[in-house]
Amino acid sequence: MDYNYKLTAKQIGWAVDTVSGDDLRNFPIERARSRGSLCLLTMSTAALITYGWTVSKRIHVAVPLTLQFVLGFVETWFYTVYSTLLVDTFPDSPSTAAAAASVVRCAMAAAGVAVLQPLVDAAGRGWYFTALGLWSGGFGAIVILLIRTKGMEWRSKRSLIVELNHC
């Protein structure tokens with residue numbers, strides 16, 4: 001994350017202040033944090049789909065375990081990077097932002113588990129994980145692109161609204 005931050009700062013001609021910190025109001029922190037996300041999302045989607053088919057075809061256990069490792073690494077990377085982005089964009093209430101993200105993540109996981117078995121029974125493991133991978137990868141790519149292109153604009157608008165409400 002530090003490397004991506006410094007690289008983005010260099011690309012826009014921004015001097016990084018390592019002593020007192022940077023004012024992120026005019027810095028594209030969304031672009032810095034999401035750098036490399038599309039590549040890792042592609043890797044995650046491919047690993048998820050491949051995982052489903054290896055389990056479905058009863059391939060040697062080492063293959064799905066290796067794919068689980070890849071998925072765990074990539075998902076941990078996403079969680080860390082985007083949790084950091086939440087703190088960066090909500091510096092006045094980082095705990096609230098992190099708690100809200102956890103509630104949403106847990107609710108989505110509960111919904112996913114609730115529909116998992118009927119869908120696996122209906123489609124089979126290979127097709128279920130293919131659909132899940134394409135669905136999550138497709139929506140993930142849309143979200144990443146929106147964060148990269150509209151994130152700073154949305155953050156600026158939110159900051160302006162917050163400032164107006166405090167007046």
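The values are calculated or read from the model by the stated rules, or taken from the named source; none is laboratory data. Keep in mind that what you see is a predicted model, and the values were worked out from it rather than measured. Note that each Cβ is placed from the backbone with ideal geometry, even for glycine, and that neighbours are counted across all protein chains shown.
Which one of Phe139, Phe129 is part of a helix (DSSP H, G or I) and in contact with a Phe, Trp or Tyr (Cβ under 9 Å, 6 or more places away or on another chain)? Before you say what the answer is, go through the steps one by one.
Values: Phe139 fails: in contact with a Phe, Trp or Tyr (Cβ under 9 Å, 6 or more places away or on another chain).
Sole residue among the options that is part of a helix (DSSP H, G or I) and in contact with a Phe, Trp or Tyr (Cβ under 9 Å, 6 or more places away or on another chain): Phe129.
Residues that are among the β-branched types (Val, Ile, Thr) and touching a helix residue (DSSP H, G or I) at 6+ places or on another chain (Cβ under 8 Å): list the helices (runs of 4 or more DSSP H) wholly contained in region 1-108 that include at least 3 such residues.
Numbers: elements: 2-11, 29-33, 37-56, 62-89.
It comes to 37-56, 62-89.
For Ala141, are the conditions met, namely being out of contact with any Asp or Glu (no Cβ under 9 Å at 6 or more places or on another chain), on the phi < 0 side of the Ramachandran plot and at pLDDT 95 or above? Steps first, answer last, please.
Numbers: out of contact with any Asp or Glu (no Cβ under 9 Å at 6 or more places or on another chain): yes; on the phi < 0 side of the Ramachandran plot: yes; at pLDDT 95 or above: yes.
For Ala141, the condition - out of contact with any Asp or Glu (no Cβ under 9 Å at 6 or more places or on another chain), on the phi < 0 side of the Ramachandran plot and at pLDDT 95 or above - is met.
The conditions are (1) over 19 Å from Ser34 (Cα atoms); (2) free of Cβ contacts under 8 Å to residues at least 60 places away in the same chain; (3) surrounded by 13 or more Cβ atoms within 10 Å (Cβ to Cβ), and Ile161 fails exactly one of them. Which is it?
(3)
For region 95-134, which residues satisfy the criterion of being of a type in the set (Ser, Thr, Tyr) and free of Cβ contacts under 8 Å to residues at least 40 places away in the same chain? Lay out the reasoning, then the answer.
To start, the set of residues in region 95-134 that are of a type in the set (Ser, Thr, Tyr) comprises 95-96, 102, 128, 130.
Ser95, Thr96, Ser102 - these are the residues of region 95-134 that are of a type in the set (Ser, Thr, Tyr) and free of Cβ contacts under 8 Å to residues at least 40 places away in the same chain.
Could you tell me which numbered condition Ile147 fails, if it satisfies all but one of (1) closer than 17 Å to Met43 by Cα; (2) surrounded by 14 or more Cβ atoms within 10 Å (Cβ to Cβ); (3) under 14 Å from the mean Cα position of the chain (by Cα); (4) not aromatic (Phe, Trp, Tyr)?
Here Ile147 clears every test but (1).
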